Structures are given as C-alpha cells and as structure tokens.
Amino acid sequence: WLHLAASQNRVLLSDVVERFGKAPWGWKPDWEVALLVARLYMSGELKLVAEGTDLDPKSAVEYLTKAVRFRSVSILKRKTADTSSINRIADLYQKLFSSLPRKDEDGVVHDFRAKLLEWQDELKSALPRASLPYYPGRAKIEALLSMVGKQLAVRDPYEFIEAMNKDRDAWLDAGEDVSDLKGFYGSQLSSWQNMIAA
C-alpha cells in the first residue's frame, strides 16, 4: 500500500497510523504501525522527510517515537540509482582515494561519506596554520571545506550519487588540491617554517 500511495504523492505518517488503526486491520496500539514504518525505513524501502529535510536514522528516532510528531513526517518511496550511476561514482571513488568502494548504493555512499569526513578533518586542522601570514592555501581550504560540507549535507543516497556524478570534474580537481595541501602541511611544513624564520 505504501509503495503505491507514496509513489504518487506524500503520505503522512499520521494518515498511515490512522488508516491501519481502523477496521479491517485494527493494529493497536499505534506504535505497531510506527514500528513497521521504522523497519521499512531502516531496510531502505522508504524515505522519511520532516520539515523539508530528509531524515537520517538518528534524527528519525524523535519523529517516530513521539505521536505528536507523526503529522510532520512524510513518507516517500525511495529512489534508487541505476547501475551505471553507481559504477561512475565507484570509479570516481577509486580515482580520488586509490581504493575500491563497496558496489551497492548504500555501501558506496557510506564509503564516500567516510572519506569526505576524513578530508574535512584534515582541512580543518590545516586551516588555522593557513590563516597565518605567509602560509598558502587558506582560500582553497575554505572552498574545499564548503564543497565537502555541502556534499555531506545531502542525506539521500540517490541524490548524493547524482550530485557527485554531476560535479565529477570538480571533485577530481578537489582531489588534486587536497593532495597538494596534505603534502604541504604534512611533509613540507617544517621546511617552510625554516624559510620564514630565515
């Protein structure tokens, strides 16, 4: 029923609870229906949206455990990426990180998120030094942090893959920039400090 209804338009969680709480189903208490929706969501069958943003599992807990929040949760059928899109993003991952990601949609997105979080941490740790006089890369680090933050904010796996594939060339350039910055702030920093001191 959800696949049919949610593929045509948004379905509110409160409507689902109300529908299946009546005859002929009569699933009581209402938490039984919420539990079934939560299971479908965690298995990747559905997408939950609240207040205009996709819910991740951690933020979905609040909406699925409080009956007053049921009215603000929309249930949508989850879009899935086709095989060629998954292969393209896997190829991009391999070029950026010199390793292979998992081949399923959720796996490749999870692996990409983990690597982008590593980039984010490395860039944030280099930013204070790059902000000092005579140290290069501040503007580039800020641009890369913005790019990575924007991509990490995309929660839906389908949209994540589409965005990465759409900006493929920009991500390849970003990979080169991150490699240059890591090389400088990782291995060349002491030589640079000596030159500044001299």
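General remarks:
- For region 4-105, the spread of Cα positions along the three principal axes, ordered from largest to smallest, is 55, 26, 22 Å.
- Overall, the accessible surface of the chain at a probe of 1.4 angstrom is composed of carbon and sulfur to the extent of 53 percent.
- Positive end of the dipole of the chain (Cβ unit charges, origin at the Cα centre): among Val11, Ala81, Phe160, the Cα lying farthest that way belongs to Val11.
- Taken about its Cα centre, the chain carries a charge dipole of about 460 debye when Lys and Arg each add +1 at the Cβ and Asp and Glu each add -1 at the Cβ.
- Selection of chymotrypsin sites (Phe, Trp or Tyr not before Pro), region 14-54, meeting DSSP coil and at most 14 other Cβ within 10 Å: Trp25
- Charged-residue dipole, Cβ positions (Lys, Arg, Asp, Glu), region 1-87 about Cα centre, Debye nearest 20: 140
- Pairs spanning more than 32 Å between alpha-carbon atoms, out of Lys66/Lys140; Lys22/Lys47; Lys66/Lys115; Lys66/Lys124; Lys47/Lys115: Lys66/Lys140; Lys66/Lys115; Lys66/Lys124.
- Heavy-atom surface of the chain, accessible at 1.4 Å and reported per residue (Å²): 59
- Nearest-0.05 FRET efficiency for Ser191 and Asp106, computed from C-beta distance (R0 41 Å): 0.40
- Dimensions of region 91-140 along the principal axes, based on C-alpha atoms and rounded to the nearest Å, stand at 45, 16, 14, largest first.
- Highest average packing first - 74-83, 158-167, Cβ atoms within 10 Å: 158-167, 74-83
- For the chain, taking the reciprocal of the average inverse distance between every pair of different Cα atoms yields a Kirkwood hydrodynamic radius of 19.6 Å.
- Nearest-20 debye value, region 105-177 charge dipole, Cβ charges on Lys, Arg, Asp, Glu: 400
The values are calculated or read from the model by the stated rules, or taken from the named source; none is laboratory data. Every value quoted in this text rests on a predicted model; they were computed, and no experiment measured them. As a convention, Cβ positions derive from the backbone with ideal geometry for all residues, glycine included, and neighbour counts pool all protein chains shown. Accessible surface is based on the protein model in full, side chains and every heavy atom, while ligands, DNA and RNA are left aside. Shrake-Rupley method; radii C 1.70, N 1.55, O 1.52, S 1.80 Å.
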